[in-house]
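What follows is a single structure, written as structure tokens, with notes after it.
None of the figures in this text is laboratory data; all of them are computed from the coordinates on show. Keep in mind the model is a prediction, meaning the values are calculated, not measured. When we count neighbours, we look across all protein chains shown, and the Cβ atoms used for this are built from the backbone with ideal geometry, even at glycine.
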Amino acid sequence: MSFWQRVFRKGESPQEAPDSAFREALLRLLDRDLASAEEALVRAAQEDSSDVDAFLALAALYRTRGEIGRAIRIHQNLLLRSDLGAVSRDAALSGLAMDFQRGGFLQRAIAAFEELLERNPRHEAALRALGELHGDARDWKRALEMCRRLAKVTGEEARVDEAALYVRAANAAQAEGRTDDARRDLKKALRRDPDHVDAWIALGALEAERGKDKRALAAWAKVPSIDRRAGPRVYPQLESSFAAVGRPREFETFLRKLLDERPGDAAARLALVHCLLTRGDAALAETEARALLERDPASLAGQGALLRALLGKGETEAALKQATELLQALGQAGLLDHREALL
């Protein structure tokens, strides 16, 4: 019987005292009183040492509290018991694997989850964890295998998760100086998921590093069309790339096209303000900043952009007024208090 079934069971039985301890532990957990929850679970385990649920719950509490050694000892002791049923053994093994994972014992976590998978080849949590852990160990072949097996179990598409693994593999290869391998992995990622933003960003960086500015520009230009929220991650790179290929003015054209399609795109408009200020056109920058504030008067970024534009125009009095308004807005948002608390 699971922890939750024990907590919500109805009627009386000889197990009333342990169950009462379980209910008390739940209440203490809801109150975030972990010390009292521990006391209740220890009492439940002492009152019935054959009660596996009490030990499993207690180990989970220790893991939550960061006491990994205590959680590991409980799970290992449970696994030594000869009276442990198959379901309880799986639960203890799964708990032990999570202990190792939480504690940073990579190979021991992999071994525990692999053992669990041998016992239950369709264990979703084990498959999901092993996909992540094998990736951490840079065993990409095994990680992809886990990803595909998980997809068969859940009936979900594997292509997005596979793409994410290939991006991780590419980043690892790039860090090790294996540029060609990194590029191949990114191409594989994009074949599986053509809209994978991280893959396009990484490919752009890779091409720029190789001196292929046009290819870098093409890769980064894909990002805002896929996800406008990711635009700020590439706008500085796009500005540099347009300049590198001798077409600096086209960055403004690129941003205005995005704004024609979606006038409320605040990030693109902020990038446009920055672009205009960089080339010294403070008057146009002011116009764009005010357009942003018309849509969102409370935008702190918009107010900051307007302040920079006014300073760029040399309008000291107007800039001072705008700076005062920005400080008031920062204070109302609690950001000044937050800054003071950090000092």
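Structure values in brief
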{"item": "Extension reserve of the ARG210-ARG102 stretch, reckoned as 0.36 nm per residue once the Cα distance is removed", "result": "35.0 nm"}
{"item": "Filter on LYS152/LYS187; LYS141/LYS188; LYS141/LYS222; LYS212/LYS257; LYS188/LYS222; LYS222/LYS257 - keep pairs with C-alpha separation over 20 Å", "result": "LYS152/LYS187; LYS141/LYS222; LYS212/LYS257"}
{"item": "Whole-number D in µm²/s for the stretch 248-343 (Stokes-Einstein; Kirkwood sum over Cα pairs; 4 °C, 1.567 mPa s)", "result": "93 µm²/s"}
{"item": "Shape call, the stretch 173-241: gyration tensor on alpha carbons, a/c limit 1.5", "result": "oblate"}
{"item": "Hits among lysines - C-alpha to C-alpha of LYS313 under 23 Å, sequence gap 8 or more where chains match", "result": "LYS321"}
{"item": "Ranked by how many other beta carbons lie within 10 Å on average, peptides 95-102, 203-210 from highest", "result": "95-102, 203-210"}
{"item": "Isotropic mean projected area of the C-alpha convex hull, the chain (nm²)", "result": "24.4 nm²"}
{"item": "Paramagnetic reach from SER82 in the stretch 109-123 [backbone N under 20 Å; point 7 Å along Cα→Cβ]", "result": "none"}
{"item": "Förster radius 22 Å - calculated FRET efficiency between ALA291 and LEU336, Cβ distance, rounded to 0.05", "result": "0.20"}
{"item": "Sequence-distant residues sharing a close amide H with ASN120 (under 5 Å, placed H)", "result": "none"}
{"item": "Label point distance in nm, ARG247-ASP180, each placed 7 Å from Cα along Cα→Cβ", "result": "3.1 nm"}
{"item": "Nearest-20 debye value, the chain charge dipole, Cβ charges on Lys, Arg, Asp, Glu", "result": "1260 debye"}
{"item": "Theoretical gain in end-to-end length, ARG148 to THR278 [0.36 nm per residue, Cα-Cα removed]", "result": "42.0 nm"}
